[in-house]
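The values are calculated or read from the model by the stated rules, or taken from the named source; none is laboratory data. Computed from a prediction, not measured in an experiment: that's the story for all the values here. For neighbour counting, all protein chains shown are included, and Cβ atoms are generated from backbone atoms with ideal geometry for every residue, glycine included. With ligands, DNA and RNA removed, areas are computed over all heavy atoms of the protein, side chains included. Shrake-Rupley method; radii C 1.70, N 1.55, O 1.52, S 1.80 Å.
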Amino acid sequence: MTSSYPLGDLVPAIAIGARYRYDWQLFADWCTAVEASALPADPLTIALFLDEHPAATSTHRRRVTAINTVHTRCGYPAPGTAQALRERLTRRTRPRPDLRDAATDVIRRLPTSGWPGGLFGRRDALLLTLTCRMGLSPIQVGRLQRSDITFDGRTLRIPSHGIFIPHDPHESPRTEQVAVYLRWARLQAFTDRTPSNRWLGESLTNATPVTDDSVTGLQLLPAIRHNGPLLPSFDKWGHASLSRVGLSRRAITRILTAHLSGTTSTREQRQVKFFDDGWADAVEDVVEAISEDDEDNDEDNTEPVEPPELSSQELAARYEAGLAARRGTAKAMADLEPAFEELDDRTDELLARIQALMEAMEQ
C-alpha cells in the first residue's frame, strides 16, 4: 500500500513535476483509500480509478499520462499503455462512418489479374477487407504476419483479434471476405515456391479475372515456408520491400484514403518480358539428362549390391571417424559464421541504399 503524495521516498518530487502534481495526487490518494498499489500500479487499478472518477476523455488521457510518466521516471513500465486502456481512451466521441459498403464497391472494381495491377489489386482488396469490413486499425493490419491468419477449409480465423469469419457461398467471390483472403494468400504461397517476379508476373498475366460467376476454391493452403508481413510494401515494378515489417500506418491510411475517395491513379499494365538467354532450354536439358541417367542406372543396376562384411572393430572405427569428420566440419562452419553475418549486413546496407536511390528518382 502506498501513502498519499509525496509518497515519501518512493516518488521523488522531480519524478512528478508540477505538471502532473494534481493528477498524481488524486490517483495516489485514491489508491491509499482502497489499499491498492500506486507505484507500481497495474492496468486494472487504473481502469477502476478512471471508472470511479468520471470525466471527459481528454481528462482521462491526462490522468493516464501523469501515471505513466511517474512510473517511467521511477524505472517502472507504464501501466497505462495496456491495449484495453488505449482503445478506450482513443475511441472517438462520434462513431466512425460505416465504410463497409464503400469498401465493398471498391473491392469489386479492383483488378485480380494482370501485372502489376493484379498484385496491387489483390493486396489492396484484403487491406480494405481487414480495415473497413473486419474493423482492424491500420496499425493492427500493418503488424499482421502471414501466420496470424489461418483457414481450415471453411472458416477464416485471426485469433489474436478474435475474428472468425465463415465462407459465405451466397456473396459474390469478387467481394466475399474469405475469397479475398485466399486470392492473396495463394499468391504469397506461389512466391514461396517460385520467388521470381518474372514467373509471378506471367502467372497474373495469364490468370482469369474473377467474376460474380467464379467458383472459390476452398482447398487448404500449403504450409508457409517464409513467414513475414501479411501485407508488404512494393515498388511500382511489383518488387517487395526487403523490410521484415508490413505496411506502415501512414502508408495504409494513404492507400485507404485514395481508394475510398476515388483518387487512385490507374496503374499501367505492363507486359512481362522473358529474355531468351538460353537458360530455360538449359534447365530443360539438365532435367532431361538427369532423368535419362536415372533410367540408365535403373537398367544397369539390376543386380542387388551386397554390403561388405565388417567386424565390430571396423564398424566402431568407421563410426568414430564419421563423428570426428562431423565435429571438424561443424567447427569449420562455426568459424565462417562471423563472415556470413558481416556479408549479410553489407548486403542489407547496399540494398537499402539502392532502395533509397530508387525512391529518390521516383520523386
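The conditions of being surrounded by 15 or more Cβ atoms within 10 Å (Cβ to Cβ) and modelled with pLDDT of 95 or more are met by Trp184. Of the helices (runs of 4 or more DSSP H) lying entirely inside region 127-228, those containing at least 2 residues that are within 20 Å of Thr112 (Cα to Cα) span 177-193, 197-206. Take the conditions (1) open to solvent by 60 Å² or more (accessible area, probe 1.4 Å); (2) without any contact (Cβ under 8 Å) to a residue 60 or more places away in the chain; (3) more than 25 Å from Thr208 (Cα to Cα); Arg143 misses just one of them, which is (2).
Given the criteria among the basic types (Lys, Arg), in a loop (DSSP other than H, G, I, E, B) and either under 18 Å from Ser147 (Cα atoms) or at pLDDT 95 or above (or both), does Arg267 qualify? No; evaluated as a whole, the condition is false for this residue. For region 107-121, the set of residues classified as crowded, with 21+ Cβ neighbours inside 10 Å and in a helix (DSSP H, G or I) consists of Ile107, Gly118, Leu119, Gly121, listed by residue number.
Search region 68-98 for residues being open to solvent by 100 Å² or more (accessible area, probe 1.4 Å) and not charged (D, E, K, R), and hand back the single one that is modelled with the highest pLDDT. In this case the residue turns out to be Pro77. Give me a count of the residues in region 173-206 that are closer than 18 Å to Gln219 by Cα and in contact (Cβ under 8 Å) with a residue 60 or more places away in the chain. Qualifying residue count for the region: 5. Scanning region 32-65 for residues that are open to solvent by less than 50 Å² (accessible area, probe 1.4 Å), within 19 Å of Ala18 (Cβ to Cβ) and not in a loop (DSSP other than H, G, I, E, B) turns up Thr59, Arg63, Val64. Set side by side, the residues Thr194, Thr150 differ, and just one is among the hydroxyl-bearing types (Ser, Thr, Tyr) and open to solvent by less than 60 Å² (accessible area, probe 1.4 Å), which is Thr194. With respect to the conditions (1) open to solvent by 50 Å² or more (accessible area, probe 1.4 Å); (2) modelled with pLDDT under 90, Asp212 falls short on a single one, namely (2).
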